[in-house]
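Trainee: Pasting in a structure now, in structure tokens, and then I'll have a few things to ask.
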Amino acid sequence: MLTLIRSGTVDAIRNESGNLRYEYYIALDDPETVLLIDSWKNQESIDIHHASPMMGKIMELREKYDLHMTVERYVSDDTMPDRDESFIRK
């Protein structure tokens, strides 16, 4: 992760057209686990990112450091039921 940040790869990804968010988080109870949250405008933006030279760099690092991952995909839902609003502090 630090290699991606120091190399400028993270900034380059954040500046890609269609990127809305690209952030890393480290679990407090497991420093070996890193959560990446990335958000894209649409599937086309993701496809372009996956075909970019930066993805090749990321894949090289995954191989070099034997990094494994799982993926969970979420779709934004801009609706919020009234019954849930009381749990949200803005």
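Trainee: In whole percent, what relative contact order does the chain give with Cα contacts below 8 Å and a gap of six or more residues?
Mentor: 18 percent
Trainee: In the range 37-75, what chymotrypsin sites (Phe, Trp or Tyr not before Pro) fall in a loop by DSSP, with at most 11 other Cβ atoms inside 10 Å? Don't jump to the answer; show the numbers that get you there.
Mentor: Numbers: sites: Trp40, Tyr65, Tyr74; in loops: Tyr65, Tyr74.
Those satisfying the criteria are Tyr65, Tyr74.
Trainee: Also, I was wondering about something else. Computed FRET efficiency, Cβ-Cβ of Asp84 and Leu20, R0 30 Å: what is it to the nearest 0.05? Mind showing how you got there, number by number?
Mentor: On the way: r = 23 Å, r/R0 = 0.76.
Calculated value: 0.85.
Trainee: Using R₀ = 22 Å, calculate the FRET efficiency as 1/(1 + (r/R₀)^6) where r is the Cβ-Cβ separation of Tyr65 and Gln43; round to 0.05.
Mentor: Values: r = 29 Å, r/R0 = 1.30.
For R0 = 22 Å, the calculated efficiency reads 0.15.
Trainee: Related question: If you wrap a convex hull around the alpha carbons of the chain, what volume per residue comes out, as a whole number of Å³?
Mentor: Details: hull volume 13.2 nm³, N = 90.
Output value, Cα hull per residue: 147 Å³.
Trainee: Can I ask one more? For the chain, take the longest principal axis of its alpha carbons; what is the angle in degrees between that and the long axis of helix 53-64, to the nearest 10 within 0 to 90?
Mentor: With both axes taken from Cα atoms, the answer is about 80 degrees.
Trainee: Which distance in nm do the two modelled labels at Leu35 and His50 give, with both placed 7 Å along the Cα-to-Cβ direction?
Mentor: With each label placed 7 Å out from Cα toward Cβ, I get 2.3 nm.
Trainee: Just to be sure I understand: with springs between alpha-carbon atoms less than 10 Å apart, which residue in Leu67, Leu35, Leu20 has the highest mean-square fluctuation in the Gaussian network model of the chain?
Mentor: Leu67
Any read-out appearing in this document is the output of simple, stated calculations on the displayed coordinates, not a laboratory observation. Note that the structure is a prediction, hence the values are computed from the model and not measured. Positions of Cβ are generated from backbone atoms using ideal geometry, with glycine treated the same way; all protein chains shown enter the neighbour counts.
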